[in-house]
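Bear in mind these aren't lab numbers, they're just calculated from the coordinates by the rules spelled out. This is a predicted model, so every value here is computed, not measured. Ideal geometry is used to build each Cβ from the backbone, glycine not excepted, and the neighbour counts take in all protein chains shown.
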Amino acid sequence: MTVKFDVTVPDYTSCESSVAVIGNDAALGNGKAPGLVLTRDVDGHFRGSTEIPAGKVLRYNFVLANPDAQESTAVHVDTVADRKEVELQRSVDRWSVPADPAKNPILFVVTVPANTPANSEIWISGNQEELGNWNGAGVKLAKGLTSSLYSTCVDFAAGTNLEFKVTRGSWGMVEKDPHGQEVANHSLAVNEPARADVTVGSWSDLTPAEPLPDTLTGNIKYHDVDGSSLGLKNRKLIVWLPPQYDTDATARFPVLYMHDGQNLMNARTAAFGVEWGVDETAERLVEGGKMEPIIIVGVYNTDDRIPEYTQVPDTQYGGGNADAYGRLLVEVVKPLIDSTYRTKKEAQYTGVAGSSLGGLVSMYFGLTHSDTFARLGVVSPSVWWADRDIVTRVNNLTGKPPLRIWLDIGTNEDATAAESQQTVDDTRALRDALTAKGWVLDNDLKYFEDPGAKHNETAWAGRTEQILEYLYPPAP
């Protein structure tokens, strides 16, 4: 007779463990390991089957390998009925060893679309070593109960902040939404055993992307910038003009220059289809009298973003070409804007802002180009770069340049709770270095920690209003 075992185990059972049935029949090892080894299924159950003579009175229990353990219950007793197939559904309440807090099993269950090619390999790639550190093919999933279901189980330590996407083995075959558009990283804060369900809408190589609509608000202009004279790549500028620009022909306006310009105002050009909403936010604040009317210039990045946004090389990532990028802003971009629009050219009216490495380089330009930029938006800055070089530079200041600085950080920006706390600590170190040099909190330095905020455009969009209000408050 075919005997099928369907076993539910404690949710803390490590993904590295195997579950076996050991009992009084040769198919069950005659009481010795390995017995009948069961397979973890897509729903987390362990299943397996074997042939056992009809009428056999089975005495068995379930054992766990890695670590060695057994269920902490009495031995199961079942009589094999005389019929074609018998299914034994059993449950293990607990194992004889306690849960390991360093191994929280996360069951990833992925549903793929109908047009997924047969025999496709389905992978998860993410921000942990176990997930390949974003290599496009971190951990391979097994086919589940149906042709559209795939699953795998991976252990993570408590406090790990997972971010991941589904691929068919490379970034050229990454998941998209049902319309072929980018999807945000899936995320999961690991605090206990959990299940992560993902439904893939489409694949990047199989579904033509439907263009996202333009999401621009207000009076928008574009310019092309030639960076070849400085050894830099060409790029675009996106310029937002305040409502007063056309209604008051004599007025001149402050200017805020922002990095990663394609992510600021238009979902169509934003890296992951998520924009900061700078245009809508600025228009609402200006019309509501909550900020001074300004011109906002978004400077598009290039694939040289890392070197251009870093002031010195990092031992792991290289970089260190921010001085050339600074010259581009000061010698090429700013003169173009000042000659094209009615601007207030002086440093006291001119700002520079960005996030991540863009926040780092904004702080750097405040130190090196304070005669050009006097208002800084230092958003989620990569203070860690090159062993906190930016903090050292502030500590080494011999005078206090007249800068108005917004400095912020989210409390959940990194892959683990410990790394997120280190990021916060690094940003606090920059804050403390600035106050030690004379900046005054809530006066010319605004520091903000955003509870639970991650390192992405959604988080930065949520702080845009506060940033603009602080850097350009309405005239008294």
**Asked** Of the listed peptides 132-140, 404-412, what is their order by residue-averaged count of other C-beta atoms within 10 Å, with the highest listed first?
**Response** 404-412, 132-140
**Asked** For ASP155, which sequence-distant residues (separation of 5 or more, or a different chain) have an amide H within less than 5 Å of its own amide H, given hydrogens modelled in the peptide plane?
**Response** CYS15, ILE106
**Charge sum, other residues only, whose C-beta stays under 15 Å from GLU346's C-beta, Lys/Arg counted +1 and Asp/Glu -1** = +4
**Request:** Quick one: grab the alpha carbon gyration tensor of region 104-203, order the square roots of its eigenvalues as a ≥ b ≥ c, and give me rounded if a/c is under 1.5, else prolate or oblate depending on whether a/b is larger than b/c.
**Result:** prolate
**Prompt:** Once both axes come from the Cα atoms, what is the angle between helix 357-368 and the longest principal axis of the chain, in degrees from 0 to 90, rounded to 10?
**Reply:** 30
**Complete:** Fewest-first ordering of ARG252, ARG393 by Cβ atoms within 10 Å yields ARG252, ARG393
**Request:** Going by C-beta contacts inside 10 Å, put HIS259, HIS186, HIS76 in order with the fewest on the left.
**Result:** HIS76, HIS186, HIS259
**Message:** Can you classify the chain as rounded, prolate or oblate using the Cα gyration tensor, where a ≥ b ≥ c are the square roots of its eigenvalues, rounded means a/c under 1.5, and otherwise it's prolate if a/b beats b/c and oblate if not?
**Reply:** prolate
**Prompt:** Once amide H atoms are placed 1.01 Å from N in the peptide plane, what residues at a sequence separation of 5 or more from LEU58, or on another chain, have their amide H within under 5 Å of its amide H?
**Reply:** ASP78, THR79, VAL80
**Asked** Helix 417-436 versus the longest principal axis of the chain: what is the Cα-based angle in degrees, 0 to 90, to the nearest 10?
**Response** 20
**Request:** Treating the angle as unsigned and between 0 and 90°, give the value, to the nearest 10°, between the Cα long axis of helix 457-471 and the longest Cα principal axis of the chain.
**Result:** 30
**Request:** Given a cut-off of 20 Å, name the pairs among LYS400/LYS454; LYS140/LYS176; LYS32/LYS143; LYS221/LYS344; LYS233/LYS344 whose C-alpha atoms lie farther apart than that in the structure shown.
**Result:** LYS400/LYS454; LYS32/LYS143; LYS233/LYS344
**Request:** Sort region 41-164 into rounded, prolate or oblate with this rule: let a ≥ b ≥ c be the square roots of the eigenvalues of the Cα gyration tensor; rounded if a/c is under 1.5, and if a/c is not under 1.5, prolate when a/b is larger than b/c, oblate otherwise.
**Result:** oblate
**Karplus-derived 3J(HN,Hα), 6.51/-1.76/1.60, for each residue of region 184-195, Hz, glycine and proline x** = 5, 4, 6, 9, 7, 8, 7, 10, 6, x, 7, 10
**Asked** Which cross-chain or sequence-distant (5 or more) residues have an amide H under 5 Å from the amide H of ASP25, H modelled 1.01 Å from N in plane?
**Response** ASN30, GLY31
